[in-house]
Amino acid sequence: QGKKLSSVNDFRENSIKGPQKVDIKKYRLEIFGNIEKPLNLSYEEALSGFKPVKKVIRMNCVEGWELDLLWDGLRLKDILNSAGLKPNGKTVIFHSVDGYSTSIELDYIFKHDLLLAYKINGLVLSPERGFPFQVAAEGKWGYKWAKWVQKIEVSGNSSFKGYWEERGYNKKGDISG
Ligand SMILES: Nc1nc2c(c(=O)[nH]1)N[C@H]1C(S)=C(S)[C@@H](COP(=O)(O)O)O[C@H]1N2
Ligand SMILES: [Mo]
């Protein structure tokens, strides 16, 4: 596409508890909440169960830095559809290994085809970058890009506030907002 990519080394590491080391043999990705069929997947099952997608996406942090990176990921809508959405789901809450959480509106995830990323610039995510999965929340500020994602909850509670949202950051977190 003729775009100059940033480096994985251009990130600042500001996570609430620092990089997390996830033991991939014990790791499970859980999808639960307002759905028909809760999912509980190993890393391999998640990667082999859904079609991989590549996309250049810009990440903007509220601190005033941004990066253009090539992301490999799974479509969140494929994962959510395979779990069977119930009609009362409004927001999707991402729960991470470090206790971090953040939410994104269900409609936004479908409209913008957000990815659950597992590679940056062709390299498997490192512990600093959120291995095994980071939400590539295209169009949203960095605090919506949950790293070390462990649980994906479909919720009817559209007033849920995650870690930074509870501390005053905007609930939508749109870059344009
Ligand atoms: N699990 C988890 N995910 C997280 C965070 C965190 O502290 N824990 N920080 C968020 C913030 S504020 C930003 S800007 C992005 C990118 O942070 P990084 O540069 O530390 O990777 O990750 C987001 N995802
Ligand atoms: Mo951030």
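The values are calculated or read from the model by the stated rules, or taken from the named source; none is laboratory data. Keep in mind the model is a prediction, meaning the values are calculated, not measured. Don't worry about glycine lacking a Cβ; one is built from the backbone with ideal geometry, like all the others, and counts go over all protein chains shown. Calculation scope for accessible area: heavy atoms of the full protein, side chains included, ligands and nucleic acids excluded. Shrake-Rupley method; radii C 1.70, N 1.55, O 1.52, S 1.80 Å.
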Out of the residues in region 127-149 that are away from ligand 2 (no atom under 16 Å from the Cβ) and more than 10 Å from the chain's Cα centre (by Cα), state the one that is least open to solvent (accessible area, probe 1.4 Å).
-> PRO132
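So is THR102 in contact (Cβ under 8 Å) with a residue 24 or more places away in the chain, surrounded by 14 or more Cβ atoms within 10 Å (Cβ to Cβ) and either within 16 Å of ligand 1 (Cβ to nearest atom) or of a type in the set (Lys, Arg) (or both) or not?
Yes: the conditions hold for THR102.
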State the number of residues belonging to region 1-19 that are within 16 Å of ligand 2 (Cβ to nearest atom), in contact (Cβ under 8 Å) with a residue 60 or more places away in the chain and either not in a loop (DSSP other than H, G, I, E, B) or not small (Gly, Ala, Ser) (or both).
-> 5
LYS26 is checked against (1) assigned to a loop (DSSP other than H, G, I, E, B); (2) open to solvent by 70 Å² or more (accessible area, probe 1.4 Å); (3) within 16 Å of ligand 1 (Cβ to nearest atom) and fails just one. What number does that condition carry?
-> (3)
Check whether at least one residue in region 83-93 is closer than 23 Å to GLY177 by Cβ and within 16 Å of ligand 2 (Cβ to nearest atom), and report yes or no.
-> no
Kindly check whether there is at least one residue in region 82-92 that is open to solvent by less than 50 Å² (accessible area, probe 1.4 Å), under 15 Å from the mean Cα position of the chain (by Cα) and within 9 Å of ligand 1 (Cβ to nearest atom).
-> no
